[in-house]
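Just so you know, all these numbers are worked out from the coordinates, no wet-lab data involved. Note that the structure is a prediction, hence the values are computed from the model and not measured. Reconstructed Cβ throughout: ideal geometry from the backbone, glycine too, with neighbour counts over all protein chains shown.
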Amino acid sequence: MNPGPVEPRLYLADIRHVRSGGSRYRLRHRTYLWLVDLDRLPRLPRPLRPLARFEAGDHFGGGAPSIRAGLDAFLAARGAGLPSGARVLMLAHARVFGHVFNPLTVYWCHGPDGSLRHVVAEVHNTYGERHCYLLPPETARGDRGDLDVAPVPKEFYVSPFLAVEGTYRMQLPEPGDHLALTVRLAGGADGARLTATVRGERRPAGAHGLLCAALRRPWSTAAVSVGIRFHGVRLWLRGLPVRPRPRHVPQEGLK
């Protein structure tokens, strides 16, 4: 059975990071995120378009004609292409006043029968680099606080205070009325552990809902970028060593 399109959704989100093991640090950030069908992106009234734009250049290799085409190229390079009639949902920030930064974008890839085939976690760092993790459907289990999801080796430099080592355990259930994502990192040589959670509640995604979210969190995407740098300075002032950034080699399908 074809799953059919999904109407856009907004989630008022509470993001928390907890670093432990060696040096403890906590941060909290409130924002809002979109859940959209990649084949049916929102069409907003012209006056509201500066508050939400979705551009192909902000995801994957940046050179595909659409975000969906970029995802398809990434999957095809791994022998995991989706058949005709598949549906993909994306959770991400949209561009707001021309700016966007998505530390994590999640894609839930459904087959024509509605079954979940893949989960893709796309990670960006502040150096303009991107990396994607192709994950099994089990990643979308509900977050019950356990660690029975398969570990995923860390392959990408994200924070200057964490080396490219260790393993992730990702619990990325597809959002409904609630949003509940959890990513845990452990196993680094310095003993540092990081737990990142995203919790949120669904809100209407029409013009009124978007205006309410934008008024509550003005220029939300710029706030993400500023917040990352602010906390980075605080960690540096605490004396955390900066890890060398290795040369980034784009993945096959992201070039």
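Starting from the Cα-Cα distance between GLU174 and THR195, subtract it from 0.36 nm times their residue separation and give me the gain in nm to one decimal. Could you put the intermediate results ahead of the total?
Values: separation 21, 0.36 × 21 = 7.56 nm, distance 1.90 nm.
Between GLU174 and THR195, full extension yields 5.7 nm more.
Work out, step by step, the length gained on full extension between LEU48 and PHE97: first 0.36 nm times the residue separation, then minus their alpha carbon distance; give nm to one decimal.
16.6 nm
By count of other Cβ within 10 Å, fewest leading, how are VAL183, VAL242 ordered? Could the numbers behind the result be given before it?
On the way: VAL183 19, VAL242 11.
So the residues, fewest neighbours to most, are VAL242, VAL183.
At 222 nm, what helix-only mean residue ellipticity would the chain give, in deg cm²/dmol to the nearest 500, using -39500 (n - 2.57) for each DSSP H run of four or more?
Values: 3 runs with 38 residues, N = 255.
Rounded to the nearest 500, it is -4500 deg cm²/dmol.
Considering amide H positions built from the backbone, and no H for Pro or chain starts, which residues 5 or more places from GLU201, or on another chain, come under 5 Å of its amide H?
LEU12, LEU179
May I ask you to sort LYS154, LYS255 by Cβ crowding, counting other Cβ atoms within 10 Å and putting the fewest first?
LYS255, LYS154
Considering just Cα atoms, how many Å³ per residue does the convex hull of the stretch 9-237 enclose? Please list the in-between numbers first.
Values: hull volume 29.0 nm³, N = 229.
That works out to 127 Å³ per residue.
Among PHE161, GLY63, GLY188, pick out the residue whose Cα is farthest towards the positive end of the charge dipole of the chain, where Lys and Arg carry +1 and Asp and Glu carry -1 on C-beta, about the Cα centre.
Final value for the positive-end residue is PHE161.
Only Cα pairs within less than 10 Å get springs; with that Gaussian network setup on the chain, which residue of ARG193, ARG43, ARG117 has the largest fluctuation?
Answer for the Gaussian network model of the chain: ARG43.
With +1 on each Lys and Arg Cβ and -1 on each Asp and Glu Cβ, and nothing else charged, work out how big the dipole of the chain is about its Cα centre, in Debye to the nearest 20. Before the final figure, lay out the partial values.
Details: 36 positive and 21 negative charges, 216 e Å.
Result for the chain is approximately 1040 debye, rounded to the nearest 20.
For the stretch 102-178, how big is Rg over Rh, using alpha carbon atoms and the Kirkwood form of Rh?
Radius of gyration relative to Kirkwood radius: 0.99.
Could you line up GLU122, GLU252 from fewest to most neighbouring Cβ atoms inside 10 Å?
Lowest count first: GLU252, GLU122.
How big, in percent, is the set of alpha carbon pairs in the stretch 180-243 lying more than 16 Å apart? Intermediate results must be reported in sequence, preceding the final value.
On the way: 1392 of 2016 pairs.
Here the tail beyond 16 Å accounts for 69 percent of pairs.
Rounded, prolate or oblate: which fits the stretch 68-150 when a ≥ b ≥ c are the square roots of the eigenvalues of the alpha-carbon gyration tensor, with rounded for a/c under 1.5 and prolate only if a/b beats b/c?
oblate
What's the long-distance tail for the stretch 1-127, i.e. % of Cα pairs beyond 17 Å?
Distances greater than 17 Å cover 63 percent of the Cα pairs.
Quote to one decimal, in nm, the extra length available between ARG40 and ARG16 on full extension: 0.36 nm per residue of separation minus the C-alpha distance between them.
On the way: separation 24, 0.36 × 24 = 8.64 nm, distance 3.02 nm.
So the chain would gain 5.6 nm between ARG40 and ARG16.
With unit charges on the beta carbon (Lys/Arg positive, Asp/Glu negative), name the residue among GLY114, VAL198, ALA73 whose Cα is farthest towards the positive pole of the charge dipole of the chain.
VAL198
Per residue of the stretch 158-171, in order, report the coupling 6.51 cos²θ - 1.76 cosθ + 1.60 (Karplus, θ = phi - 60°) as ³J(HN,Hα) in whole Hz, putting x for Gly and Pro.
Calculated HN-Hα couplings, in order: 10, 9, x, 9, 9, 6, 7, 7, x, 9, 9, 10, 10, 10 Hz.
Residue by residue, what Karplus-based ³J(HN,Hα) values in Hz, rounded to whole numbers, does the stretch 115-121 have, using 6.51, -1.76 and 1.60 with θ = phi - 60° and x for Gly and Pro?
Once θ is set to phi - 60°, the couplings for the stretch 115-121 become 6, 7, 9, 8, 10, 10, 10 Hz.
Can you give me the long-range amide H partners of HIS118? Hydrogens built in the peptide plane at 1.01 Å from N, cutoff under 5 Å, separation of 5 or more residues or another chain.
For HIS118, the qualifying residues are CYS109.
Tell me, what is the percent relative contact order of the stretch 87-203, built from C-alpha pairs under 8 Å that lie six or more residues apart? Show your work: numbers first, answer last.
On the way: 223 pairs, mean separation 17.7, N = 117.
That works out to 15 percent.
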